[in-house]
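Q: I am attaching a structure below and will ask some questions about it afterwards.
The values are calculated or read from the model by the stated rules, or taken from the named source; none is laboratory data. This one's a predicted model, so the numbers in the text were calculated from it and none came from an experiment. Here Cβ is always computed from backbone atoms with ideal geometry, including for glycine, and neighbour counts include all displayed protein chains.
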Amino acid sequence: MRPRVAICVPSLSTWDAQTGCALFSLGITSASTADLFIITTRHSLVSLARNTAVRRALAIGADFVLFVDADMVFPGDALNRLLGHNQDIVGVFLPDEAPAV
C-alpha cells in the first residue's frame with residue numbers, strides 16, 4: 001500500500017518561487033511511490049499554522065507529514081530518501097545560512 005503523505009507548508013502569506021519549484025520536482029519524483037497532498041496554512045504564528053496543518057493531515061488520513069517552510073529548497077528525491085529510512089520520525093539538518101554559491 002502506498003503511503004499517504006501530507007506536505008504541510010505553513011506561511012505568513014506567499015511561498016518563495018524556488019520552494020514551489022522544489023515541491024513540483026518532489027511531486028514528480030515521488031508520484032510513483034506515495035500519494036501526496038499539499039496542505040497550506042497561513043498564520044502569523046507558525047505554531048498555530050503547523051497545528052492546523054496537522055489537524056488537516058489527520059482528517060485526510062495521512063500516514064506521514066512532511067513540513068516544508070515557505071522559503072526552503074531541497075532536492076526532488078528528498079521525500080523518497082526520507083521514506084527510505086523506514087522510521088516513524090526522520091529529521092534533517094538545516095543550517096542557519098545557505099552555503100555561498
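Q: Would you confirm whether any residue within segment 13-35 is in contact with a Ser or Thr (Cβ under 7 Å, 6 or more places away or on another chain) and either modelled with pLDDT under 95 or not in a loop (DSSP other than H, G, I, E, B) (or both)?
A: For segment 13-35, residues in contact with a Ser or Thr (Cβ under 7 Å, 6 or more places away or on another chain) and either modelled with pLDDT under 95 or not in a loop (DSSP other than H, G, I, E, B) (or both): absent.
Q: Take segment 7-21 and flag every residue that is within 10 Å of the chain's Cα centre (by Cα) and hydrophobic (A, V, I, L, M, F, W, C).
A: I7, C8, V9
Q: When segment 24-56 is examined, which residues are found to be of a type in the set (A, V, I, L, M, F, W, C), under 21 Å from H85 (Cα atoms) and either crowded, with 17+ Cβ neighbours inside 10 Å or in contact with an Asp or Glu (Cβ under 6 Å, 6 or more places away or on another chain) (or both)?
A: L26, A34, L36
Q: Being more than 11 Å from the chain's Cα centre (by Cα), at positive phi and assigned to a loop (DSSP other than H, G, I, E, B) is true for just one of G76, G91, G61. Which residue is that?
A: That would be G61, the only listed residue that is more than 11 Å from the chain's Cα centre (by Cα), at positive phi and assigned to a loop (DSSP other than H, G, I, E, B).
Q: While we're looking at this one, here's another question. Find all pairs meeting these conditions: Cβ atoms under 9 angstrom apart; at least six residues apart or on different chains; first residue within segment 70-97 and more than 19 Å from R50 (Cβ to Cβ) and touching a residue at least 60 places away in the same chain (Cβ under 8 Å); second residue surrounded by 15 or more Cβ atoms within 10 Å (Cβ to Cβ) and not polar (S, T, N, Q).
A: L83/V5; L83/A34; L83/F64
Q: Name the pairs: first residue in segment 39-68 and under 20 Å from V90 (Cα atoms), second residue in a loop (DSSP other than H, G, I, E, B), Cβ to Cβ under 6 Å, at least 6 apart or on different chains?
A: Hits for this filter: D63/P3; F64/P3.
Q: Which condition number does I28 fail, the rest of (1) without any contact (Cβ under 8 Å) to a residue 40 or more places away in the chain; (2) out of contact with any helix residue (DSSP H, G or I) (no Cβ under 6 Å at 6 or more places or on another chain) being met?
A: (1)
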